[in-house]
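See below for the structure under consideration.
The values are calculated or read from the model by the stated rules, or taken from the named source; none is laboratory data. All values reported here derive from a predicted model rather than from experimental measurement. Cβ sites come from the backbone with ideal geometry, for glycine too, and all protein chains shown count toward neighbours. Areas reflect the complete protein model, heavy atoms only, side chains present, ligands, DNA and RNA absent. Shrake-Rupley method; radii C 1.70, N 1.55, O 1.52, S 1.80 Å.
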Amino acid sequence: MSRYKIAILDDYQDVAKSFADWNAVKAHADIEIFDNHLHEEDEIIKRLMPFDIICVMRERTPLTAGLLMNLPNLKLVVSTGARNRSIDVEGAQKLGIEVQNTGYLGHGALELTWALLMALAKHIPQENANLRAGRWQHMVGNDLRGKTLGILGLGNLGGQVAAVAKAFDMDVIAWSENLTPEKALAGGARYVDKKTLFQEADYLTVHMVLSDRSKGIVGEADLALMKSTAYLINTSRGPLVDEKALINALQKHQIAGVALDVFDKEPLDANHPFRTFKNVLATPHIGFVTEDTYRLFFTDTVEILSKWLQENPKE
């Protein structure tokens, strides 16, 4: 009896098997887990050609219409998270490929944003390295109380960031294209224009959805407005910030530093300057990578697969 073939992509930590019970799925299908990432579309097509079902982790491997057209066996895509903008859903539908999504927990990005911001303010990575090297109190930390937090994008997550800032007695300002003074006040911030946001912020954190309109919304002119003592934090999407402009600003020490969890190309190239700059605190897109989130992702994936396999027995 023939069996379905399922591919689980980009399981970087090789933990998919440990966060859910896959036995119900294994009864009807063969599963192959890939812990390494491929960038080139032709390599991805070659890898995925034999599979009937693909399980993707967030936006790690984009599934474009062109790629999907070259996977004639594909019948189902299961994506972690409530939405995945890197999947051409319309293109999949035209090809008769079903796309389903798991649930999502949104607290991870909020927690990491503040972990990175405070690590910047208190020079935690540097002081940890100094201590391990036998030194003691090498730098002087910055304060949060009385400082200005600028939030670019005061949506759900931005509003949560603002709420935490109030606990530190920070002055919170915000801007986005559709934000009004009334909405800003309701979200726990004071509305300012974009220029003022960049000029006044001591810490500026980005919380916007990536789209054609928002790509590069933080550009060279914006970075030039920032204080030389200010820090930028981006845990949303890499392309929201013009990468070349940011590298130039960091090289010239136009700003004090940056904390990044997201990048234009992921995984980040081994020789990328962000890996070596002393004024960069970088993490490998771990905002959503938490135990509770992964448990939900993979448990929901198993439930979706089990139901689909029962409803679509292999002929």
Inset, instruction - Answer yes or no as to whether ALA245 is surrounded by fewer than 20 Cβ atoms within 10 Å (Cβ to Cβ), modelled with pLDDT of 95 or more, under 23 Å from the mean Cα position of the chain (by Cα) and more than 19 Å from LEU110 (Cα to Cα). - result: yes
Legend entry - Scope the stretch 145-174; condition in contact with a Phe, Trp or Tyr (Cβ under 9 Å, 6 or more places away or on another chain), touching a residue at least 40 places away in the same chain (Cβ under 8 Å) and more than 24 Å from LYS195 (Cβ to Cβ); matching residues: VAL164
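Every residue, every condition in (1) within 22 Å of the chain's Cα centre (by Cα); (2) open to solvent by 40 Å² or more (accessible area, probe 1.4 Å); (3) free of Cβ contacts under 8 Å to residues at least 40 places away in the same chain, yes or no:
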site	(1), (2), (3)
ARG213	yes, yes, yes
GLU220	no, yes, yes
HIS272	yes, no, yes
THR299	yes, yes, no
Legend entry - Options GLN199, GLN160: the member that is among the polar types (S, T, N, Q) and within 23 Å of ALA224 (Cα to Cα): GLN199
Inset, instruction - For ALA174, state whether it is surrounded by 19 or more Cβ atoms within 10 Å (Cβ to Cβ), farther than 30 Å from SER306 by Cα and not acidic (Asp, Glu). - result: yes
Legend entry - Where a residue in the stretch 175-198 is under 14 Å from ILE217 (Cβ atoms) and its partner, wherever it lies, is part of a loop (DSSP other than H, G, I, E, B) and open to solvent by 50 Å² or more (accessible area, probe 1.4 Å), with Cβ under 7 Å and at least six apart: TRP175/ASP193
Legend entry - ASN156 being within 28 Å of GLY216 (Cβ to Cβ) and open to solvent by less than 60 Å² (accessible area, probe 1.4 Å): no
Inset, instruction - Answer yes or no as to whether ILE31 is open to solvent by 30 Å² or more (accessible area, probe 1.4 Å), assigned to a strand (DSSP E or B) and over 30 Å from ARG145 (Cα atoms). - result: yes
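Residue by residue through the stretch 1-28, note down the ones that are in a helix (DSSP H, G or I) and of a type outside the set (Lys, Arg).
Residues of the stretch 1-28 that are in a helix (DSSP H, G or I), as a first pass: 16-18, 23-26.
Correct list: ALA16, SER18, ASN23, ALA24, VAL25.
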Legend entry - Some residue of the stretch 159-166 being buried (at least 20 other Cβ atoms within 10 Å of the Cβ) and either in a loop (DSSP other than H, G, I, E, B) or more than 24 Å from the chain's Cα centre (by Cα) (or both): no
Inset, instruction - Please state which of the following conditions ALA224 fails to meet, knowing it meets all the rest: (1) more than 19 Å from VAL280 (Cβ to Cβ); (2) out of contact with any Pro (no Cβ under 7 Å at 6 or more places or on another chain); (3) surrounded by fewer than 20 Cβ atoms within 10 Å (Cβ to Cβ); (4) of a type outside the set (Ser, Thr, Tyr). - result: (1)
